[in-house]
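Written out below as structure tokens is the structure these notes cover.
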Amino acid sequence: MVHKILELYSGIGGMHCAWNASELNGEVVTAVDINTVANEVYKHNFPNTPLITKNIQSLSYEDIKKMNVNTILMSPPCQPFTRNGKFLDENDPRTNSFTYLIDLFDELDNIEYILMENVKGFECSTVRNLFINKLKKCNFVYQEFLLCPTSVGVPNSRLRYYCIARKNTLDWSFIRTDEIITKLTKDYGEPHTLEAILETNVPEKYLLTNNFLKRAYLLDICYKHSKRSCCFTKSYTHYVEGTGSVYTDSTPDEVENCIKDAKQYEVGKEEYVNRFQQLKLRFFTPKEVLALMMFPKSYKFPERTTTKQCYRLLGNSVNVKVISELLKILFE
């Protein structure tokens, strides 16, 4: 069977990349997103896929039926379900497009498969309950997951909620459970090291500025042999804490000695900063973050896309490897 896919909240096309990586039989028929910068990147990488720039709420069920699709892949706005977003849940207007879409499911009898991604925290929301109850009402069988890329051999932490759902389950070999699954049964082995994704001759513009080094004690520092890195958010390179890891060619011992030496100086002062400058700490480049999120090597940002825009778009995107593995389960 050739599956016809509608990619909603398509962003820079992470779901599209995951579909291609899964090697399943089908194609993305239409993508929809309101973000014009993301859409430029999408068009650059998928020039032959029709892309609609509009709010999901402006799509009618007739519009979707005319697309002749049987699958929806989507990653609705996550801010309503995060601490930084104040966890406003269904009271956050950014949920409106998704709740509108949920209401449409009653009419979309042509949709047989769904994959949805969101942040950890969504599983505790009232919107999740609306979504799951509608899936049940529309005779979908579903499975929820909380998965991190490290569990599929990727050296990056990005714990996310996923839900896969399908109507035709007669030949579905997957055994579902009411519990949220946190580990896939397949053994993917240990995550590979960061050395595999590192660029050479990285420009000096990626070196951390003194303003970052003043708070170096907050940094998550990675090395070429590291098998882990922190989640990269859309605020990467703008805030020190909790937005993603930084890299150094120095050894862990050299970093440890630096930290010990720096303790004799007042945090944030010139001597303290000078000590950390020796490590030549730098940000991961957009290309390296793309690799950690398992986008294909052929994937490119248009030249006109600024570095700031790249990081923001990546922070809002998805891990391609995790989703491709879930797609294999969904369609097995």
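The values are calculated or read from the model by the stated rules, or taken from the named source; none is laboratory data. What you see is a predicted model; the values in this text were computed from it and never measured. Positions of Cβ are backbone-derived with ideal geometry, glycine not excepted, and every protein chain shown enters the neighbour counts. Just so you know, the surface numbers come from the protein's heavy atoms only, side chains and all, with ligands and any DNA or RNA stripped out. Shrake-Rupley method; radii C 1.70, N 1.55, O 1.52, S 1.80 Å.
Data table
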read-out: Subset of the stretch 213-245 that is in contact with an Asp or Glu (Cβ under 9 Å, 6 or more places away or on another chain) and open to solvent by less than 40 Å² (accessible area, probe 1.4 Å) - its residue that is nearest to T150 (Cα to Cα); value: S229
read-out: Subset of the stretch 291-309 (residues that are within 13 Å of the chain's Cα centre (by Cα) and open to solvent by 10 Å² or more (accessible area, probe 1.4 Å)); value: A291, M294, F295
read-out: Selected residue (criterion: nearest to H3 (Cα to Cα)) from residues of the stretch 103-126 that are aliphatic (A, V, I, L, M) and either open to solvent by 20 Å² or more (accessible area, probe 1.4 Å) or more than 22 Å from the chain's Cα centre (by Cα) (or both); value: I111
read-out: Residue check for F284: open to solvent by less than 10 Å² (accessible area, probe 1.4 Å) and aromatic (F, W, Y); value: yes
read-out: Residues (more than 35 Å from the chain's Cα centre (by Cα) and not hydroxyl-bearing (S, T, Y)) located in the stretch 258-273; value: K260, D261, A262, K263, Q264, E266, K269, E270, E271
read-out: The stretch 127-149: number of residues that are in contact with a Lys or Arg (Cβ under 7 Å, 6 or more places away or on another chain) and of a type in the set (S, T, N, Q); value: 2
read-out: Positions within the stretch 309-325 being assigned to a helix (DSSP H, G or I), touching a residue at least 40 places away in the same chain (Cβ under 8 Å) and closer than 13 Å to A38 by Cα, in sequence order; value: Q309, Y311, R312, L313, L314, G315
read-out: Residues (in a helix (DSSP H, G or I) and touching a strand residue (DSSP E or B) at 6+ places or on another chain (Cβ under 9 Å)) located in the stretch 33-57; value: T36, N39, Y42, K43, I56
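Residues checked against (1) charged (D, E, K, R); (2) assigned to a loop (DSSP other than H, G, I, E, B):
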position: S97; (1), (2): no, no
position: Y100; (1), (2): no, no
position: N118; (1), (2): no, no
position: L130; (1), (2): no, no
position: K136; (1), (2): yes, no
position: Y142; (1), (2): no, no
position: V154; (1), (2): no, yes
position: L170; (1), (2): no, yes
